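What follows is a set of notes on a single structure, which appears directly below.
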Amino acid sequence: MQKLSNGAFQLSKSRGANGYVIPLGETYAVIDPGMKSGAQAVIAELTGAGMLGTVSHILLTHYDIDHAGAALALATETGAQLWIGRADADILTGRRPAGTFSRRITSSIGRPKLPETVYYLGESPGFPADITALPTPGHTPGHHAFVWGSSVFSGDAVMVNPDGTLKQFPRLLITDKAQALDSTAVLEALDVRWVCPGHGKVTARR
């Protein structure tokens with residue numbers, strides 16, 4: 001586990017996507033623990049860091065399997081609340097179809113499973129006061145970024161260039177291009193120092 005310059009931690013054992021840990025006083029929030037195949041490695045990593053017993057929240061930027069696949073196992077192990085955008089939760093539970101043909105094909109291969117009790121970003125009470133859940137739809141309809149102090153954890157809303165400027169994912173991976181562009185503008189306007197993306201390096205904005 002790597003401690004970042006912003007005071008958060010980046011998981012070393014999450015598979016498929018970058019996973020992060022945010023300190024919340026006496027507890028921790030885990031953002032995007034990665035693929036199901038890496039769940040036990042993430043649990044072991046958190047155990048080794050002395051954090052597992054105090055993980056209180058699991059925050060999902062979106063429903064993709066490389067970000068959310070390990071969430072159920074981690075929630076079961078820790079009893080932590082799992083938070084996700086309602087639109088993305090509805091896709092995982094089959095109440096809403098994925099928005100594009102390519103995403104429907106991907107969803108048919110495998111969908112992350114959710115615990116029986118799910119907390120909806122922007123709706124349910126009890127979200128950590130130190131973190132802002134920012135709706136950033138486009139990549140998926142329920143995508144959220146998380147702002148904490150001088151950092152934004154951007155998931156797959158954007159990719160980040162070496163100079164800290166933001167760019168879009170390839171069109172094939174975007175559900176709604178117009179929404180994605182709007183979300184990029186929202187993220188560009190944030191007064192933050194660090195961009196912590198779902199893929200690629202944590203980058204300082206210049």
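None of the figures in this text is laboratory data; all of them are computed from the coordinates on show. Note that the structure is a prediction, hence the values are computed from the model and not measured. Every residue, glycine among them, receives a Cβ derived from its backbone with ideal geometry; neighbour counts consider all protein chains shown.
Miscellaneous remarks
- Rounded to the nearest 20, the size of the Cβ-charge dipole of region 4-154 about its Cα centre is 520 debye, with Lys and Arg at +1 and Asp and Glu at -1.
- Here, region 102-155 has an Rg and a Dmax of 13.6, 38 Å when only alpha carbons are counted.
- Of the chymotrypsin sites (Phe, Trp or Tyr not before Pro) in region 23-97, those whose Cβ has at most 14 other Cβ within 10 Å and which sit in DSSP loop: none
- Relative contact order for the chain, counting Cα pairs under 8 Å that sit 6 or more residues apart, in percent: 16 percent
- Options Ser102, Gly79, Pro162, ranked by Cα towards positive dipole end of the chain, top entry (Cβ charges): Ser102
- Close Lys pairs in region 2-204 (alpha-carbon distance under 29 Å; sequence gap of 8 or more, or different chains): 17.
- Rounded Å value of the spacing that divides the Cα centres of region 112-172 and region 1-45: 15 Å
- In the chain the longest region clear of GluC sites (Glu not before Pro) that are loop-assigned by DSSP and have at most 14 other C-beta atoms within 10 Å covers 27-115.
- Simple Cβ-charge dipole of region 1-91, Lys/Arg +1 and Asp/Glu -1, about Cα centre, in debye nearest 20: 180 debye
- Ranking of Ser14, Ser56, Ser151, Ser124 by count of other Cβ atoms within 10 Å, fewest first: Ser124, Ser56, Ser151, Ser14
- Most mobile listed residue (Ile84, Ile43, Ile58) in the chain, GNM with C-alpha springs under 10 Å: Ile43
- Modelled spin-label separation between Asp163 and Thr117, with each label point placed 7 Å from Cα along the Cα-to-Cβ direction: 4.9 nm.
- Per-residue Cβ neighbour rank within 10 angstrom, fewest leading, Thr47, Thr61, Thr106: Thr47, Thr106, Thr61
- Calculated P(r) of the chain - Cα pairs past 30 Å, %: 13 percent
- Placing R0 at 35 angstrom, the Cβ-Cβ distance between Thr100 and Met1 gives a FRET efficiency of 0.50 after rounding to 0.05.
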